[in-house]
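Here, each number is a calculation from the coordinates, and none is a lab measurement. Predicted, not measured: the structure shown is a model, and the values here were computed from it. Here the Cβ is made from the backbone with ideal geometry for all residues, glycine too, and neighbour counts use every protein chain on show.
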Protein chains: 2
Amino acid sequence: MEGECTRRGEGQVETSEAVHRVAEPPPQSTVDKMKVRMKETFFPDDPFRRFKGQPLKRKWVLAAQYLFPVLDWAPSYSFSLFKSDLVAGLTIASLAIPQGISYAKLASLPPVVGLYTSFVPPLVYSVLGSSRDLAVGPVSIASLVMGSMLRQVANPNTDPYLFLQLAFTATFFAGLFQASLGILRLGFIIDFLSKATLVGFMAGSAIIVSLQQLRNLLGIVHFTKKMGVVPVMSSVFHNTNEWSWQTAAMGICFLAFLLLARHVGMRRPKLYWISVGAPLASVIVSTLVVFLLKAQNHGISTIGKLRCGLNRPSWDKLLFDGTHLSATMKTGLVTGIISLAEGIASGRTFASLRSYKVDGNKEMMAIGLMNIVGSCTSCYVSTGAFSRSAVNHNAGCKTAMSNVVMATTVMVTLLLLMPLFAYTPNVVLAAIIIAAVVGLVDVPAACNIWKLDKVDFLVCLSSFLGVVFVSVQQGLATAIGLSTFRILLQITRPKMIAVGNIPGTSIYRDMHQYKEAKGVPGFLILAIEAPINFSNTTYLNERITRWIENETNETTMEDKEASLRFLILDLSAVPTVDTSGITFLNELKKSTEKDGLEVIFVNPMGEVMEKLQRANKIHEFLGVGSLYLTIGEAVISLSPFIKESA
Amino acid sequence: MEGECTRRGEGQVETSEAVHRVAEPPPQSTVDKMKVRMKETFFPDDPFRRFKGQPLKRKWVLAAQYLFPVLDWAPSYSFSLFKSDLVAGLTIASLAIPQGISYAKLASLPPVVGLYTSFVPPLVYSVLGSSRDLAVGPVSIASLVMGSMLRQVANPNTDPYLFLQLAFTATFFAGLFQASLGILRLGFIIDFLSKATLVGFMAGSAIIVSLQQLRNLLGIVHFTKKMGVVPVMSSVFHNTNEWSWQTAAMGICFLAFLLLARHVGMRRPKLYWISVGAPLASVIVSTLVVFLLKAQNHGISTIGKLRCGLNRPSWDKLLFDGTHLSATMKTGLVTGIISLAEGIASGRTFASLRSYKVDGNKEMMAIGLMNIVGSCTSCYVSTGAFSRSAVNHNAGCKTAMSNVVMATTVMVTLLLLMPLFAYTPNVVLAAIIIAAVVGLVDVPAACNIWKLDKVDFLVCLSSFLGVVFVSVQQGLATAIGLSTFRILLQITRPKMIAVGNIPGTSIYRDMHQYKEAKGVPGFLILAIEAPINFSNTTYLNERITRWIENETNETTMEDKEASLRFLILDLSAVPTVDTSGITFLNELKKSTEKDGLEVIFVNPMGEVMEKLQRANKIHEFLGVGSLYLTIGEAVISLSPFIKESA
């Protein structure tokens, strides 16, 4: 019978406090339970909450606003908001144009593709995205990864058209994957890129990217296609005869200027515009220098002629045939996850600064759709860039309109200003990339991780070393594997705590942590701090046996009067139990009974209580008085039995 | 300052109960912590415990006894024990001989290999093994898996020598893998084969094995090499012209006899010898029938001539060249895990029936070493068989000597009786296999799993269907993946509980489970039931926001007097926290402060408390009065502030 589990049959003990009953949760059908669990798994933010109790028409409006956040802010958009957005938009455009060209080169794509990617995706995002601060466009790490992964299947120099096709196809898959994650509400997958993983990953990527730029910085012609530190450095030092001192001098000057500007911008927040304007200024100055000195004839390589014109449709370039499908899908998956992580993290960071909400799953749909549209309009993978979003935020953007302003500026560039880039030297683009990625090496964050959690630091380090010495994907995979393994290990080897009474109270706490907590003679009180399931029942069994043996040895040595009679298991911190766990509890109860030890369960939670009751109908292992609501009540009720036997 | 965290600065509130301090655990160096964690991870059973404080000589004896459990029981071995072991050993030998031949055929190996495998490994085990009940030899599922995996790389009919080489090599790798698991104390890996997985897996395997036997039962010559239900059944019904009615009639008769004997043995435990003796009786009777009626000329296939002689050395047959290495390693890994799981589970089951201990990691070393030795002496993979161990146990075995008796009997058979098997029909072996594996379909266990836990049942079902319709490895992998995913999901979507006060007590419990528990106005009390880490901080953030919004909406509707002032997070059930978790707690504190809500932490456990303190040195987010030892104390101490503000 339910609830008949306090020790009544054996003669109720008179105690000062009443003994409380352990309740089962209210009955609920399996279907209802599944519904609740599904909701918690896929809809923890309860997006349908605001639809509740609204009239039908209002529901439609809300649904439209949900799908197109632009409808949220556009109706009340004002000129004063636009003024702010205009300033912010022009500011990020001055960054987006040189960075777009540079990042496209990082991905071994034609420079103009970087500008295309700064034009269409921001427009799509301004309609679909829910962040007000995100500046959308190509980003360094995703460009690096896409380039390195696709170079393994196609050569961008000998077969540029195929390479372009593969890039667009990979972008399409990245978008499809991102949008699917959002629609299927599986956004929690990107949560597995923990902060520790990302810190190591970004630092490693920054170093890889910077080293790659040594090629352009030194004017080397023959360079390795690989990404690791070792092949790149050997490539640099095996081709010293190709070093061009003119290129190197120019590169070092501009790099010094950019880093100085960055430093000033960080030190004096009011002068942040110096660091923002520096890349565009560098491009203009260096182009002029090359043009005036005819430096292209002195070994300084330039971008070369670029045709004017907007994005051309590229859906006919998407390649779905078998030979390259697995490569493009894999590239899409990896770049999709990486760019999604950057976009969502940036969006959330700035949203929390301004106290508005960014819906992760909706953002995924927006970023995914933006990449799908992008793949059909000659764009490669894009997302919300952290550094440019910070500039956008500092420049005072108010809505996603700043992205529209940026896109318009890029459009003007694409239509009219392309010939001006003909004399822009590649070395300046390299300097811009290095100056941009330096900020990704976050040493203080790594130090904090070291101070807080050594295992997290190990994750961070493995991600860093993996990226630097093996490959971007391997580094990421190792770090994710390690952090997942850590979670599994925490379940497989759960914490068990020996609990004692704090004298003068009914509080029971960890005897290791609280020196004043004292064990109760005749009782062994253990708290289990994890779900009890197949992966840890063997461990729990061995560990509990050890506790009992230790306890028995101690008591027999000290005094024979109060030998161990009761094993109290505090289940307060056991959220769930599975069939193996139930079997374990049942067998523990039986095996300890042989040694004259009774197992008492304290405060099983809803689901655990329910399963104990159900198992009891099969195995009948919950005797009268096997369940108590608190440790204190159990000890008080059962103490007389110890004295009896003593 | 440490420990200065109770609300003192703001004017200590006078309460009836004293407010207790939250203590940090005693300081411990990182190295010491690592040591403790390593011990809990790899040595939870503390095998060195009994060496403590013993003199050196005694330590050597204990070490020898640890490595060779035979030294434990051999010195005190007596004639009365031997009598029991003799009976048990002869009983299991009568099972082992026909089963050995049958299982070897199941693995597409020569029948004599099955007998070899029932000779050497039991001898090795009797020296190294710590179980007294385990009957060692070839088992059905591992034979099935090895056969099906190796048939994909070599044909046992056209290239029997290569197939034999591969089988020995795979056995070597299986043993190596098993022994390594034991030596590296990674035995917890086999815990991931949960009970639900095994129930489904064994039932599926039994069906696959039985269906395979249709070949011999119907006398079909041309049969598929695949294991799935679909190809096997189509093979059976596309070759109806090959059916031999004589074979089928004989098979059905013996199968009916064996099943009847099994039924009688299960119904009347005293008559268990009928079911035990039935296989040997079937072999003898059928061999006589074939010999007398010359039935081999009427379409009944027989084993054929077998040479007398003991195991020949086979280390020269081990193949380590590149072409087959990956196949043999994979086969070794899969059969190694499967046979280990069966051996350990059987050992533990019978050990708990007789209240002695089986050391999992030591058993792994014993089984692994036995397979390595086996692979060098013409044996294929062997382990402790569940069904034969049950017979051994029932027949009253006392020590591992029963394995020696069995091995001796098999030796006599190998030396003298081999010619007698020449006329044994294959169809009887098929009947023996079917009768043996029928017991693996455990419907009541599946029903119990369904009653207790629907997700576990899903795991069980996926394992069953995967094995039956796809392949043994796929079925196992799916089930393990699913149960691991479930654990991860439990962490990614942890339980959060809204806690309320049980009137008249200081007990706070789940308001959903305990209808009498009431919320405290002005407080939102939440308990988190999982480690707080990277995988769930986003969820926790969204979920807590939803709780706060719900609470705020309700209170504003009901009464304005007690608006939400304090969010109490009960961390009693949070065993660990990582850097993402700390960042989350820090940001939660900051973001709720903007809404005039104060976050209070209750009872952080040792590790969590330590990290909170360390993080506090960096971020300073633990104000005075942010920490309490119990919810009750927090509520009593903070209530006056609510009345003040109201």
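Among A:Leu524, B:Leu461, A:Leu150, A:Leu417, the order by Cβ neighbours within 10 angstrom, fewest to most, reads A:Leu417, B:Leu461, A:Leu524, A:Leu150. If you take the square roots of the eigenvalues of the alpha-carbon gyration tensor of segment B:77-487 and sort them as a ≥ b ≥ c, do you get rounded (a/c under 1.5), prolate (a/b over b/c) or oblate? In terms of gyration-tensor shape, rounded. Remark: relative contact order (chain B) = 23 percent; criterion is Cα-Cα distance under 8 angstrom and separation of 6 or more residues. Computing FRET efficiency as 1/(1 + (r/R0)^6) for B:Arg354 and B:Val31, where r is the C-beta to C-beta distance and R0 is 35 Å, gives about 0.25.
By the count of other C-beta atoms within 10 Å, a proxy for reagent exposure, A:Val136, A:Val441, A:Val120, B:Val285 are ordered fewest to most as B:Val285, A:Val441, A:Val120, A:Val136.
For segment B:494-645, the Cα-based Rg and Dmax, in that order, read 14.7, 42 Å.
For A:Glu542, the point set 7 Å out from Cα toward Cβ sits 3.8 nm from its twins in the other copies, listed from shortest up.
Sorted from nearest, the other copies put their A:Leu420 label points 10.2 nm away, the label point being 7 Å from Cα in the direction of Cβ. Counting, for every residue in B:187-198, the Cβ atoms of other protein chains within 10 Å of its Cβ and taking the mean gives 4.
Model label sites at B:Thr41 and A:Trp73, defined 7 Å from Cα along the beta-carbon direction, differ in position by 4.6 nm. Built from the Cα atoms of the protein assembly as shown, the convex hull projects on average onto 58.0 nm², one quarter of its surface area.
Once both labels are positioned 7 Å from their Cα atoms along Cα-to-Cβ, the gap between B:Thr323 and B:Gln246 label points is 4.1 nm. Only beta bridges with both residues in segment A:495-645 are counted; by DSSP, about 35 percent of them are antiparallel. The slack between A:His222 and A:Glu516, meaning 0.36 nm per residue of separation minus the straight C-alpha distance, is 98.7 nm. Across the copies of the chain, B:Glu620 has label points (7 Å from Cα along Cα→Cβ) spaced 6.5 nm apart, shortest distance listed first. Quick one: if the Förster radius is 45 Å, what FRET efficiency do A:Leu489 and B:Leu420 give, using the C-beta to C-beta distance and rounding to 0.05? According to the calculation, E is roughly 0.25.
Among B:His619, B:His263, a tally of other beta-carbon atoms within 10 Å of each Cβ gives an order, fewest to most, of B:His263, B:His619.
Label separation (A:Trp273 vs B:Lys294): 11.3 nm, computed from points 7 Å beyond Cα along the C-beta direction.
When only C-alpha pairs under 8 Å and at least 6 residues apart count, what is the relative contact order of segment B:56-140, in percent?
31 percent
Closest approach of any chain B Cβ to the axis that rotates B onto A belongs to B:Ala573, 2, distance given in whole Å. Using the beta-carbon distance between B:Ile183 and A:Val285 and R0 = 51 Å, what value does 1/(1 + (r/R0)^6) give for FRET efficiency, to the nearest 0.05? Step by step, r from the Cβ atoms, then E = 0.15. Partner lysines whose Cα lies under 20 Å from the Cα of B:Lys454, excluding those fewer than 8 positions away in the same chain, are identified as A:Lys33, A:Lys35, A:Lys39, A:Lys611, A:Lys617, B:Lys195, B:Lys495. Please say if segment A:306-364 is rounded, prolate or oblate, where rounded means a/c under 1.5 for a ≥ b ≥ c the square roots of the C-alpha gyration tensor eigenvalues, and otherwise the choice is prolate for a/b larger than b/c and oblate otherwise? Oblate is the answer for segment A:306-364, as a/c is 1.5 or above yet b/c matches or exceeds a/b.
Rounded to the nearest Hz, the phi-derived 3J(HN,Hα) couplings of segment A:475-485 under the Karplus curve 6.51 cos²θ - 1.76 cosθ + 1.60 (θ = phi - 60°) are x, 4, 4, 4, 5, 5, x, 5, 6, 5, 4, where x marks glycine and proline.
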